[in-house]
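These notes concern the structure reproduced below.
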Amino acid sequence: MIKQTLSFVKGLLICASLMELMTIKEFVAKRKQELRDELKSLPRVPHLCIIRVGDDPASEAYVKGKSKDAMEVGFYCDVIVLPSDTSEAGLLSLIREKNLDKEIDGILVQLPLPKGISTKAINDTIAPEKDVDGFVLNSHFIPCTPKGIVSYLQEEGFLFAGKNAVVLGRSQIVGIPMARLLLSLDCDVTVLHSKTSDEDRKFYLKHADLVVSAIGKMGYLNESYEFKKDAILVDVGINRDENGKLHGDFVPSLPVKMQTPVPGGVGLLTRLALLENLLEATKNELLRRK
Ligand code: NAP
């Protein structure tokens with residue numbers, strides 16, 4: 001009897017996580033259809049230029065995904081692959097050339113870059129109006145991961161104002177822009193980092209309505225942490241185990257209202273936000289030309 005009950009509960013948990021997966025997938029599919037529809041009213045197709053340097057397999061896979069997404073909604077995407085011994089000066093000169101190219105609406109340089117090329121130098125060179133990743137100082141766009149997360153939560157009916165939001169991680173590409181965006185939506189925001197004491201981390205997590213984790217530590221947030229029953233957990237972490245399988249920062253199926261899965265969660269939302277930024281870049285450029 002106990003065995004049957006356990007297997008029933010396990011079945012329910014699997015169903016719940018599958019439903020979760022479908023929800024994000026469905027949201028992305030719906031938004032992609034909307035992008036296709038919007039494209040019909042544009043005089044030209046948005047054009048994304050992706051630059052990848054070196055032969056990092058993860059970067060190669062991310063770029064493939066991004067270019068596939070762009071083509072799936074009818075956008076144009078060209079991928080330039082440079083050898084790993086490319087110099088910083090060479091890469092900067094290519095970016096400057098693409099900045100001036102009127103046919104290109106968005107430029108994305110896939111990170112991480114090989115040693116010897118400064119990410120800051122790249123970010124200081126991409127034109128803010130073409131920085132569809134949203135990483136450049138004064139970029140015209142919201143960084144893709146925070147943007148994707150917020151648009152999904154908005155669609156799910158999450159009301160941000162006055163909510164207690166905790167962000168784990170303070171990187172310039174996820175943690176900090178996520179915290180800023182949540183603050184702009186009137187959340188009370190706490191940012192935790194590697195120097196936060198475990199006692200404080202437990203305290204803040206226990207009182208959070210929304211937790212966004214971007215620390216990159218497999219299953220770090222487990223049952224030893226207490227969460228509100230109606231908390232929303234957003235898992236940005238992408239961690240690969242020894243078999244190459246992907247895991248998030250949270251262990252799966254925590255007893256909360258909603259937890260985004262890994263894989264099939266924030267990664268899809270990030271990719272969607274990139275398409276949205278590209279469309280926005282194209283529309284802005286068309287307005288400038290008028
Ligand atoms: P990162 O630059 O390595 O930053 C990690 C952050 O986590 C740092 O700010 C660090 O604090 C903090 N941290 C480490 N241990 C912590 C702890 N125990 N408690 C609280 N904070 C802690 O990483 P990132 O680029 O932001 O990426 C984070 C993760 O998200 C990675 O797994 C990455 O692959 C993933 N990611 C996913 C997507 C997606 O689309 N799904 C997009 C981007 C990134 P300190 O500042 O004190 O060192």
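The values are calculated or read from the model by the stated rules, or taken from the named source; none is laboratory data. Fair warning: this is a prediction, and the values are worked out from it, not measured in the lab. Cβ coordinates were reconstructed from backbone atoms using ideal geometry, including for glycine residues, and neighbour counts include every protein chain displayed. Note: areas computed on protein heavy atoms with side chains; ligands, DNA, RNA excluded. Shrake-Rupley method; radii C 1.70, N 1.55, O 1.52, S 1.80 Å.
Would region 117-137 turn up any residue that is surrounded by 19 or more Cβ atoms within 10 Å (Cβ to Cβ) and at positive phi?
Taking every residue of region 117-137 in turn, at least one turns out to be surrounded by 19 or more Cβ atoms within 10 Å (Cβ to Cβ) and at positive phi.
Within region 208-234, count every residue that is farther than 29 Å from L137 by Cβ, among the charged types (D, E, K, R) and within 10 Å of the ligand (Cβ to nearest atom).
The first filter runs over region 208-234 and keeps only residues farther than 29 Å from L137 by Cβ, leaving 208-209, 218-233.
Restricting the remaining residues to those that are among the charged types (D, E, K, R) gives 209, 223, 226, 228-230.
Remaining after also requiring within 10 Å of the ligand (Cβ to nearest atom): none.
Total meeting the criteria: 0.
Confirm whether H247 is farther than 20 Å from V174 by Cβ, surrounded by 13 or more Cβ atoms within 10 Å (Cβ to Cβ) and without any contact (Cβ under 8 Å) to a residue 60 or more places away in the chain.
Details: farther than 20 Å from V174 by Cβ: no; surrounded by 13 or more Cβ atoms within 10 Å (Cβ to Cβ): yes; without any contact (Cβ under 8 Å) to a residue 60 or more places away in the chain: yes.
Spelling it out, it is not the case that H247 is farther than 20 Å from V174 by Cβ, surrounded by 13 or more Cβ atoms within 10 Å (Cβ to Cβ) and without any contact (Cβ under 8 Å) to a residue 60 or more places away in the chain.
Suppose the filter is in contact with a strand residue (DSSP E or B) (Cβ under 6 Å, 6 or more places away or on another chain) and near the ligand (Cβ under 10 Å from one of its atoms); does L168 pass it?
On the way: in contact with a strand residue (DSSP E or B) (Cβ under 6 Å, 6 or more places away or on another chain): yes; near the ligand (Cβ under 10 Å from one of its atoms): yes.
So L168 fits the description; yes.
Does any residue in region 253-265 that is modelled with pLDDT of 95 or more come within less than 7 Å, Cβ to Cβ, of a residue that is within 11 Å of the ligand (Cβ to nearest atom) and assigned to a loop (DSSP other than H, G, I, E, B) six or more places away or on a different chain, and which pairs are these?
Listed pairs, sorted by first residue: V262/G237; V262/I238; V262/G248.
So which of E60, E97, E72 is within 23 Å of the chain's Cα centre (by Cα), surrounded by fewer than 16 Cβ atoms within 10 Å (Cβ to Cβ) and free of Cβ contacts under 8 Å to residues at least 40 places away in the same chain?
E60 is the lone residue from the list that is within 23 Å of the chain's Cα centre (by Cα), surrounded by fewer than 16 Cβ atoms within 10 Å (Cβ to Cβ) and free of Cβ contacts under 8 Å to residues at least 40 places away in the same chain.
Does L205 meet the test of being at pLDDT 95 or above and near the ligand (Cβ under 9 Å from one of its atoms)?
Working: at pLDDT 95 or above: yes; near the ligand (Cβ under 9 Å from one of its atoms): no.
Spelling it out, it is not the case that L205 is at pLDDT 95 or above and near the ligand (Cβ under 9 Å from one of its atoms).
If you take the residues of region 180-202 that are open to solvent by 30 Å² or more (accessible area, probe 1.4 Å), assigned to a helix (DSSP H, G or I) and farther than 9 Å from A165 by Cβ, which of them is farthest from the ligand (Cβ to nearest atom)? Before the answer, list the steps.
First pass over region 180-202, keeping only residues open to solvent by 30 Å² or more (accessible area, probe 1.4 Å): 180, 183-186, 188-191, 193-195, 197-200, 202.
Now restrict to residues that are assigned to a helix (DSSP H, G or I): 180, 183-184, 198-200, 202.
Going one step further and asking which of them are farther than 9 Å from A165 by Cβ, we end up with 180, 184, 198-200, 202.
Values: R180: 14, S184: 19, D198: 8, E199: 12, D200: 10, K202: 11 Å.
Ranking the qualifying residues of region 180-202, first place goes to S184.
State yes or no: is I176 within 25 Å of G134 (Cα to Cα), free of Cβ contacts under 8 Å to residues at least 24 places away in the same chain and within 9 Å of the ligand (Cβ to nearest atom)?
Details: within 25 Å of G134 (Cα to Cα): yes; free of Cβ contacts under 8 Å to residues at least 24 places away in the same chain: yes; within 9 Å of the ligand (Cβ to nearest atom): yes.
Against the criterion (within 25 Å of G134 (Cα to Cα), free of Cβ contacts under 8 Å to residues at least 24 places away in the same chain and within 9 Å of the ligand (Cβ to nearest atom)), I176 qualifies.
Might you let me know whether region 259-277 holds any residue that is away from the ligand (no atom under 12 Å from the Cβ), open to solvent by 60 Å² or more (accessible area, probe 1.4 Å) and of a type in the set (D, E, K, R)? Full working, then the answer.
Initial filter on region 259-277 (away from the ligand (no atom under 12 Å from the Cβ)): 259, 275-277.
Imposing the further condition that a residue be open to solvent by 60 Å² or more (accessible area, probe 1.4 Å) reduces the set to none.
Taking every residue of region 259-277 in turn, none turns out to be away from the ligand (no atom under 12 Å from the Cβ), open to solvent by 60 Å² or more (accessible area, probe 1.4 Å) and of a type in the set (D, E, K, R).
Which residue, of P146, P177, is modelled with pLDDT of 95 or more, closer than 25 Å to S67 by Cα and open to solvent by 10 Å² or more (accessible area, probe 1.4 Å)? Full working, then the answer.
Values: P146 fails: open to solvent by 10 Å² or more (accessible area, probe 1.4 Å).
Result: P177 is the single residue among P146, P177 that is modelled with pLDDT of 95 or more, closer than 25 Å to S67 by Cα and open to solvent by 10 Å² or more (accessible area, probe 1.4 Å).
Could we say that D230 is of a type in the set (D, E), touching a Lys or Arg at 6+ places or on another chain (Cβ under 9 Å) and surrounded by fewer than 19 Cβ atoms within 10 Å (Cβ to Cβ) here?
On the way: of a type in the set (D, E): yes; touching a Lys or Arg at 6+ places or on another chain (Cβ under 9 Å): yes; surrounded by fewer than 19 Cβ atoms within 10 Å (Cβ to Cβ): yes.
Yes, satisfied.
For region 273-284, state whether one or more residues are within 18 Å of L168 (Cα to Cα) and not aliphatic (A, V, I, L, M). First the steps, then the outcome.
Quick first cut of region 273-284, residues within 18 Å of L168 (Cα to Cα) only: none.
Checking region 273-284: not a single residue is within 18 Å of L168 (Cα to Cα) and not aliphatic (A, V, I, L, M).
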